[in-house]
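Please treat every number below as a calculation from the coordinates, not as lab data. This is a predicted model, so every value here is computed, not measured. Virtual Cβ from ideal backbone geometry, glycine too; neighbours counted across all protein chains shown.
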There are 2 protein chains.
Amino acid sequence: MKQLEKEHIANWFMSLQDQICNSLEEIDGSAKFEEDQWSRPEGGGGRSRAIKNGPLIEKGGVNFSAVSGPTPEKILAALKLSMADFFATGVSIVLHPQNPWVPIIHMNVRYFEMSNGVWWFGGGIDLTPHYVIEEQARAFHQHLKDICDKHHPDFYFKFKRWADDYFYVKHRSETRGIGGIFFDRLTDKEGRTKEEQWDFVKDVGQTFIPAYSDAVEKVRHKEWSDEDKLWQKIRRGRYVEFNLVHDKGTKFGLDTNGRTESILMSMPPEANWAYEYQPKTDLQRATLEALRKDIDWV
Amino acid sequence: MKQLEKEHIANWFMSLQDQICNSLEEIDGSAKFEEDQWSRPEGGGGRSRAIKNGPLIEKGGVNFSAVSGPTPEKILAALKLSMADFFATGVSIVLHPQNPWVPIIHMNVRYFEMSNGVWWFGGGIDLTPHYVIEEQARAFHQHLKDICDKHHPDFYFKFKRWADDYFYVKHRSETRGIGGIFFDRLTDKEGRTKEEQWDFVKDVGQTFIPAYSDAVEKVRHKEWSDEDKLWQKIRRGRYVEFNLVHDKGTKFGLDTNGRTESILMSMPPEANWAYEYQPKTDLQRATLEALRKDIDWV
């Protein structure tokens, strides 16, 4: 069997971006993605695709990139290496809906390799509802568990915990949302081949649309009040806080002079901060209580 | 002369908070501050004061704190010390106006000392107009230059440059606003006594109201369009990015389990992010061009 090559992985990610953009335009029903192609002086580039003001999606991005060059100092230091070239490719998605009843969703699948032979996969999908609805959260986690179980009996438990730990807004003592799965440095240890890990990553990428469709379908036409909209903006503020204060990918991108507009496509439209904002309804209170680690949704 | 004591400095800062809050309520004309008193388990506490929905000030905070206890690891490491107790006191202000023609303002004055005898003052004032108006910027810097020149011929030049460097949104290649002054680790070197440095810091604190009144007066009744309001929200987004990604005070506060609601009183109401947002008017374009270092405003 032919060795799995980085070009193959990048090409597959590129077509994943195409598939997902097409499906999202269908699901949204009206808005269209606009594309920016960019390249970086040190090597490689990307296709950033942004969508806005649709009936479903108020602001979102589905980005592909495949970059290469000398490995950034920070990674070399973390790996205790003096120098090596790197190649990194992946797809990143964040979608902010118009309707406060529809959750924010995030997905990332990525592959990293260095000229010294080191390589790994990473990624994850997680959901950030403005209002936590148990049925929606359970269905979302079930999608992820199904895909994980197909590949390894430990994956769901392990990667769900990892997401709980990673998507944690420490300074607020709350999780970003209801979590999902998160994994990194997935390599060919523990008896799994590179192809097997890649098959898992591909399945994660392909579960995005079914998982999101399910999360959207039942709530997208639900009416909302001004209070719901304000609550959404406050919750979006917390999303901003997580991404700018805690998210390692955002930090790494900004630190290494990544393309700012592509990195910050995760930022919401219309966020709001209010000093000591207190929840006004039982559902808002219940939502805050559900923003914690170690809830078994499935 | 009696040694300048930390209690004296803290008390002076506390009355500065009182004076500034009274003056701001007068300038605003309608909104009133609400106070939260808090204490921290390790020692000390503060008085956070928040104001909202005034005709002038949409959201703001004027916070006082005086905290003490074992010095946080991060400071000890930076100073290459193994252990020492610390005491820190100061006043911090951020005001977000309703009217896009009125600038955002920030001030901080602070004192820090350790049980090993190390001490310093720090602080600064800076202005972030949504639209840069040359006359306003010049008058603001003139206020700061006057106060600096009273104390040392080099202070304005040095601290203005420091502000240009500090309030820089690196990932956007723009300054946060038109700057102002910033200083840190002001101690009794270079022939200046502790009392002289303290006199300077007091003058900085007391120039806040005159400098802000001047910046506000000519523009507060200027009418604005929906486009101006959207621009304001986009600029507020950049303010968030600076504070959460780059501001050392915010980072330090969040890292050391400070009171989150007090630290994040700097966050704006109603911010907005739009992918690849382009300036729509000449003034918006001119504003972006003026957001750079080394402009000599006076």
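Choose one answer from B:81, B:144, B:244: the residue with the largest mean-square fluctuation in a GNM of chain B with alpha-carbon springs under 10 Å.
Of B:81, B:144, B:244, the Gaussian network model singles out B:81 as fluctuating most.
Using a 10 Å cut-off around each Cβ, can you sort B:101, A:224 from fewest to most neighbouring Cβ atoms?
Fewest to most other Cβ atoms nearby, the residues stand as A:224, B:101.
Specify the inter-centroid distance of segment B:16-49 and segment B:66-129, based on alpha-carbon positions, in whole Å.
Spelled out, the Cα-based centre of one part sits 17 Å from the other.
On the rotation axis linking copies A and B, which residue of A comes nearest by its Cβ, and by how many whole Å?
Nearest Cβ to the rotation axis, residue and whole-Å distance: A:244, 2.
If you build a Gaussian network model of chain A, linking Cα atoms that sit under 10 Å apart, which residue out of A:66, A:274, A:137 swings the most?
For chain A, modelled as a Gaussian network with Cα springs under 10 Å, the answer is A:274.
Compute and list, largest first, the equivalent-ellipsoid semi-axes of chain A from the alpha carbon gyration tensor, each √(5λ) rounded to a whole angstrom.
Here the semi-axes work out to 31, 21, 19 Å.
Using 1/(1 + (r/R0)^6) with R0 = 41 angstrom and r between the beta carbons of residue A:278 and residue A:6, what's the FRET efficiency to the nearest 0.05?
E between residue A:278 and residue A:6, to the nearest 0.05, is 0.20.
Cα centroids of segment A:272-298 and segment B:184-228: how far apart, whole angstrom?
Between the Cα centres of segment A:272-298 and segment B:184-228 lies a distance of 39 Å.
May I ask you to sort B:118, A:109, B:169 by Cβ crowding, counting other Cβ atoms within 10 Å and putting the fewest first?
Taking fewest neighbouring Cβ atoms as first place, the list is B:118, B:169, A:109.
List the distances, in nm and shortest first, from the label point of residue B:226 to the matching label points in every other copy, placing each point 7 Å from Cα along the Cα-to-Cβ direction.
Those label-point separations list as 1.8 nm.
Search the structure for amide H atoms under 5 Å from the amide H of residue A:59, placed 1.01 Å from N in the peptide plane, and list their residues when 5 or more places away or on another chain.
A:53, A:96
Select from B:71, B:260, B:287 the residue whose mean-square fluctuation is largest in a Gaussian network model of chain B (Cα-Cα springs shorter than 10 Å).
Most flexible of the set in this elastic network: B:260.
Between residue B:190 and residue B:286, what is the label-to-label distance in nm when each label sits 7 Å out along the Cα-to-Cβ direction?
3.5
Inter-copy label distances at residue B:73, 7 Å along the Cα→beta-carbon direction, one decimal in nm, shortest first?
With the label placed 7 Å along Cα→Cβ, residue B:73 yields 2.4 nm.
Spelling out what I want: for every residue of segment B:40-47, take phi, set θ = phi - 60°, compute 6.51 cos²θ - 1.76 cosθ + 1.60 (Karplus), and round to whole Hz; glycine and proline get x.
Each residue of segment B:40-47 in turn: 10, x, 6, x, x, x, x, 10 Hz.
Short version: ³J(HN,Hα) in whole Hz for each residue of segment A:88-96, in order, from phi by Karplus 6.51 cos²θ - 1.76 cosθ + 1.60 (θ = phi - 60°), x for Gly and Pro, what are they?
Result, rounded to whole Hz: 9, 9, x, 10, 10, 9, 9, 10, 9.
Return the calculated 222 nm mean residue ellipticity for chain A, to the nearest 500 deg cm²/dmol, obtained by summing -39500 (n - 2.57) across DSSP H runs with n ≥ 4 and dividing by the residue count.
-13000 deg cm²/dmol
Debye calculation, C-alpha points only, no solvent: report log10 I(q)/I(0) for the protein assembly as shown at q = 0.08, 0.09, 0.10 Å⁻¹, in the same order as the q values.
Cα-only, vacuum Debye calculation for the protein assembly as shown: -0.61, -0.77, -0.94.
For segment A:111-233, what does the relative contact order come out to in percent, with C-alpha contacts under 8 Å and a separation of six or more?
34
Loop only per DSSP, at most 15 neighbouring Cβ atoms within 10 Å: give me the GluC sites (Glu not before Pro) in segment B:203-298, ordered by residue number.
When the GluC sites (Glu not before Pro) of segment B:203-298 are filtered for loop state and at most 15 Cβ neighbours within 10 Å, B:223, B:276 remain.
Whole-Hz ³J(HN,Hα) for each residue in segment A:71-87, computed from phi via Karplus 6.51 cos²θ - 1.76 cosθ + 1.60 with θ = phi - 60°, x for glycine and proline: what do you get?
Once rounded to whole Hz, the list reads 5, x, 3, 4, 6, 4, 4, 5, 9, 6, 10, 8, 7, 5, 8, 10, 9.
From the cross-link list A:280/B:74; B:32/B:251; A:248/B:248; A:202/A:229; B:59/B:229; A:251/B:74, which pairs have alpha carbons spaced over 27 Å apart?
A:280/B:74; B:32/B:251; A:202/A:229
According to the Kirkwood expression over distinct Cα-Cα pairs, how big is the hydrodynamic radius of segment B:165-266, in Å?
Taking the inverse mean of 1/r over all distinct Cα pairs, segment B:165-266 comes out at 16.8 Å.
What's the FRET efficiency of residue B:260 with residue A:165 using the Cβ-Cβ distance as r and R₀ = 30 Å, to the nearest 0.05?
0.95
Taking only C-alpha pairs under 8 Å that are 6+ residues apart, what is the relative contact order of chain B in percent?
17
Which residues' amide hydrogens lie under 5 Å from the amide hydrogen of residue A:84, considering only partners 5 or more residues apart or on another chain, with H built in the peptide plane?
Those qualifying (amide H under 5 Å, at least 5 residues apart or on another chain) are A:71.
In nm to one decimal, list the spacings between the residue A:116 label point and its equivalents in the other copies, with label points set 7 Å along Cα to Cβ, shortest first.
Residue A:116 label point versus its equivalents elsewhere: 3.6 nm.
Shielding of A:260-271 by partners, i.e. mean partner chain Cβ atoms within 10 Å per residue?
Across the residues of A:260-271, the mean count of other-chain Cβ atoms within 10 Å is 5.
Cut-off is 10 Å between beta-carbons; in what order do A:157, A:86 appear when sorted fewest neighbours first?
Sorted ascending by nearby Cβ count, the order is A:157, A:86.
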